[in-house]
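Every number here is computed from the coordinates shown, using simple stated rules; none is lab data. Predicted model only: the values in this text are computed from it and were never measured.
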Amino acid sequence: MSRRFGALQRKLLAILTAEDRVFETYSLVADAFGVKTDEDGLRRISMAQMSAVRRALRGLVRGGAVIDLGRHYPNPRRHWCSKRTELLYEIQRNRKAIGALTLRGQVDEVARLSQQIGPLFERARELGIEPYAEAMKPKKPKGSTAAEVTR
């Protein structure tokens, strides 16, 4: 018997798939429960909320809907993303590595990575993703021009 995702899991999945970016657990908890900033500028969450979101995210990972990226130094919090974001992130990471290896003249490694990136492009096309688009670009602040952002 197949079970559907619960209400909290559906809300977390909607948050994760709304944008092509990586989220940390704390921000997912605050967004899922609608926690607003207080007068100190902090979003205070309870341990019960944090535990509920951790359980829900583990269920989403088991269901194959969400990717657990683990912890990244220096931030000790766990990071999460949608399957689409993971694919874009992997393509971007391989493209940067190919660029760096090309500059170093390591042709064998470039050929090896190029073979690995081919299936990623095929998966991206199947999902309707433009694989040549840059993944997870930072958003421009409102009211700023392109010249101000590049400074």
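The table that follows gives values for the structure above.
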| read-out | value |
| --- | --- |
| Mean projected area in nm² (Cα convex hull; one quarter of hull surface) for the range 47-126 | 7.0 |
| Expected-Rg normalisation [2.2 N^0.38 Å, Cα atoms] applied to the range 1-109 | 1.32 |
